[in-house]
Amino acid sequence: MGTLPGRNVIRMAIATICASLQSSSSNDTVMSAIEAELRTQGWDPRRVAGLERIPPFRPDIDPPNEVTAWAGQLDAAEGVAIATPEYAAGPPGALKNALDWLVGLSTIYRKPVVVVCAGTTGGAFTIEALVRTLSYQGALTVGTLGVEGIRTKLGVDGAVTDPTLLNDLAALAGRLVDGVRADDPERFRLVAPIVRPHGIDPARFGLVT
Ligand SMILES: Cc1cc2nc3c(=O)[nH]c(=O)nc-3n(C[C@H](O)[C@H](O)[C@H](O)COP(=O)(O)O)c2cc1C
């Protein structure tokens, strides 16, 4: 597990990120459903805070406090779940910017990650871009899920009601848990079919097969 210098790391099981910054977010709702499933399975999901405070990435300076505070929450986790919208056929700039800061920190290196993109479409461009970015940082993307027409899958209280979506989110949470528990050969089997279609050779992760 990587650590940030000078930080007091409290180990937590699963870090969850919602990459939508708007106050009423369907991805927030989707992540809440994943968190509920993780709790049911005995895990301790913790929502990562502070994405909106991260300044634009600069490789020529040390990470500012806003970045180390954000990255420290990931550093302490065994696995990461990301729920994100798609904007203009790509991931939100705030998320990509935050991930760029992680280059060199090894914060998510060898960590299992799942990605769900809920929006108008299933967010295929966003999932592809994130799988590439996460893979280049050494993270192990073990599951992805695109959710189209998300607003039609929420009830009047805003929670996820669509039974198929609830099943899919539970399965995604299960894949993350499987990834966290797995040894290297099993991690390779989980990650390979996810990353290969996006042009990533799973051999890059150096997992013993
Ligand atoms: C400026 C803008 C661009 C968008 N571009 C896309 C897009 O390329 N693909 C897509 O599926 N949805 C797109 N959407 C729709 C959002 O993904 C959708 O509103 C989603 O629910 C936002 O996530 P949130 O509810 O978690 O904030 C766009 C929305 C906005 C405001």
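Coordinate-derived values only; no laboratory data. Everything quoted here is computed from the prediction, not taken from an experiment. With ideal geometry, Cβ positions are generated from the backbone for all residues, glycine too; neighbour counts draw on all protein chains shown.
Can you pull out the residues in region 171-184 that are surrounded by fewer than 17 Cβ atoms within 10 Å (Cβ to Cβ) and in a helix (DSSP H, G or I)?
ALA171, GLY174, ARG181, ASP184 - these are the residues of region 171-184 that are surrounded by fewer than 17 Cβ atoms within 10 Å (Cβ to Cβ) and in a helix (DSSP H, G or I).
Which ones in region 46-71 are part of a helix (DSSP H, G or I) and either over 25 Å from ARG175 (Cβ atoms) or free of Cβ contacts under 8 Å to residues at least 40 places away in the same chain (or both)?
GLU52, ARG53, ASN65, GLU66, VAL67, THR68, ALA69, TRP70
Counting only residues that are buried (at least 19 other Cβ atoms within 10 Å of the Cβ) and within 10 Å of the ligand (Cβ to nearest atom), which one in region 65-90 is nearest to the chain's Cα centre (by Cα)?
Out of the qualifying residues, it is ALA83.
Being within 14 Å of the ligand (Cβ to nearest atom) and of a type in the set (Val, Ile, Thr) is the requirement here; does THR107 meet it?
Taking the combined requirement at face value, the residue does not satisfy it.
Given the criteria buried (at least 22 other Cβ atoms within 10 Å of the Cβ) and touching a Leu at 6+ places or on another chain (Cβ under 7 Å), does PRO45 qualify?
yes
I'd like the full set of residues that are in a strand (DSSP E or B), among the small types (Gly, Ala, Ser) and either within 13 Å of the ligand (Cβ to nearest atom) or closer than 14 Å to ALA19 by Cα (or both), limited to region 113-151.
If the condition is that a residue be in a strand (DSSP E or B), among the small types (Gly, Ala, Ser) and either within 13 Å of the ligand (Cβ to nearest atom) or closer than 14 Å to ALA19 by Cα (or both), then ALA118, GLY146 are the ones that fit.
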